[in-house]
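Notes to accompany the following structure.
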Amino acid sequence: MSSKSKTSRAKSTAVLSTMVLLGICTAFVPKAWGRYSGGGGIPAHPYRIATPQDLNDIGNHQEDWNKYFILINDINLVEYTGKQFNRIGTSSNAFTGVFDGNDHKICNFTWDSNGINYVGLFGYVAYGGQIKNLGMVNLDIDAVNGVYIGGLVGFNHRTIMITNCYTTGSVTGKNAVGGLVGANDYYGMITNCFSTVSVSGYINTGGLVGHNTWAGTITDCYFSGSVSGYIAVGAIVGENSGTITNSHSMGIVIGNGRVGGLVGFNLGTITDCYSTDSITGYGVVGGLVGHNERPGTITNCYSTGNVMGTQAIGGLVGFNHGMITNCYSTGSVSGTTLVGGMIGSDYVGKVETSFWDIETSGEPNSAGGTPKTTSEMKTRSTFTDAGWDFVEIWGIGENQTYPYLRFAPAGDFNYDKKVDLFDLAILASHWLEGY
């Protein structure tokens with residue numbers, strides 16, 4: 001082999017290695033033969049998706065939308081722009097099969113439309129369909145005036161499992177707009193997923209899910225991007241009437257009304273969740289939930305982010321007409337009228353065994369909850385005397401930290417789901433404050 005050939009091959013190998021290390025989608029994929037790149041569409045022998053053409057071709061074969069697929073390469077969709085990519089699943093013929101990302105990622109999915117609904121890599125998934133182990137990187141979805149717009153799935157309906165998936169990039173639409181899923185409907189299930197997407201919508205806009213409807217469940221998920229909208233805007237969900245458990249957010253939320261660090265408008269159940277977001281809105285703005293309406297319940301939750309608005313502004317909830325139990329807030333709160341360290345405004349709601357830090361919030365008043373000093377908020381007995389469970393649910397670094405939820409690792413003080421030197425630095429700074 002000539003020295004020139006050796007040099008060329010070495011350069012190619014180096015480039016490929018660098019791209020893999022950086023997580024860049026490559027085009028080094030095998031040539032496809034026949035439909036897709038092999039397989040039979042059954043559980044033991046799923047269709048093999050290896051190229052951008054394979055992935056796009058699924059949309060051409062509705063007869064395969066109840067079959068099994070597995071991704072065998074990272075795929076770059078940069079060649080598909082505008083509305084060129086064939087979305088998988090429609091409202092009249094949903095995807096009901098199984099798509100296993102096999103821990104690969106799809107990069108540069110682009111969609112640009114005005115008034116088209118059910119937009120996502122998968123437009124509509126229903127009746128037993130599953131999507132798992134898949135990353136969507138560098139999304140660019142601009143579905144102006146579209147409804148049910150999501151980075152991965154537009155509409156997720158009825159006993160569907162989306163698990164171990166994530167999205168990055170940007171998503172824009174009008175109603176039911178989410179970084180991962182537009183609407184999670186009627187027993188739809190989303191588990192162990194996250195989004196770092198920049199999301200923009202008008203109503204029901206969420207960093208992870210735009211609208212989580214009745215009996216929809218979201219478990220072990222998080223959001224760390226930015227989300228903006230007009231009404232019902234939240235980092236995890238814009239409007240929730242389902243169940244959200246063991247989830248958290250740590251991004252930026254901006255809206256007009258019903259704006260929350262976790263959920264904008266809640267009529268469902270929120271349990272064991274927290275928010276560290278920075279939240280800005282006009283009216284009905286809360287560190288965790290903007291508007292908690294009957295039969296909405298919030299249990300074992302907290303918020304630490306700063307909250308700014310004008311009317312009905314609260315460190316935990318802006319307006320409460322539901323039930324709040326075993327919760328706390330510590331963030332700075334600022335507004336003009338109906339401003340509370342924990343609850344901005346309450347109408348025949350209930351707030352039980354819940355607290356706010358009167359020092360860090362800067363607000364001595366609240367429409368619910370009990371005020372405590374920072375020192376008291378970092379004392380275990382403050383909470384155990386109120387009946388909080390510090391065996392199964394809560395933990396605390398006595399005199400050092402606020403209570404934390406045990407679904408997060410003990411010592412994870414910066415809420416990134418891992419314990420490292422950054423957490424040690426936080427602990428050390430608080431330790432020194434004690435002297």
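The aspartates and glutamates whose alpha-carbon is closer than 12 Å to the alpha-carbon of Lys350, local same-chain residues fewer than 8 away aside, are Glu293.
For the stretch 46-383, the residue among His321, Ser241, Gly82 whose Cα projects farthest onto the positive side of the dipole built from Cβ charges is His321. Computed over the chain, the range of Cα coordinates on each principal axis works out to 74, 53, 37 Å, biggest value leading.
Using C-alpha pairs below 8 Å separated by at least 6 residues, the relative contact order for the stretch 55-135 is 37 percent. Take every pair of alpha-carbon atoms less than 8 Å apart whose residues are at least six positions apart; their mean separation over the length of the chain yields a relative contact order of 6 percent. Label point of Asn145 set 7 angstrom out along Cα-Cβ; within the stretch 168-203, amide nitrogens under 15 Å from it belong to 173-175, 202.
The residues Met323, Met377, Met250, when put in order of fewest to most other Cβ atoms within 10 Å, stand as Met323, Met250, Met377. When Ser275, Ser375 are arranged by Cβ crowding within 10 Å, least crowded first, meaning fewest neighbours, the order is Ser375, Ser275.
Counting only Cβ charges, +1 for Lys and Arg and -1 for Asp and Glu, the dipole size of the stretch 46-383 around its Cα centre is about 360 debye. Other residues within the sphere of radius under 12 Å centred on the Cβ of Ile203, judged by their own Cβ, net out at +1 (K and R +1, D and E -1). As a rough footprinting exposure proxy, the listed residues Val137, Val339, Val289 were ranked by other beta carbons within 10 Å of their own, and the order from fewest upward is Val137, Val339, Val289. Between helix 3-21 and the chain there is an angle of about 30 degrees, using the helix long axis and the longest principal axis of the Cα atoms.
Coordinate-derived values only; no laboratory data. Everything numeric here is computed off the predicted structure, so don't read it as measured data. Reconstructed Cβ throughout: ideal geometry from the backbone, glycine too, with neighbour counts over all protein chains shown.
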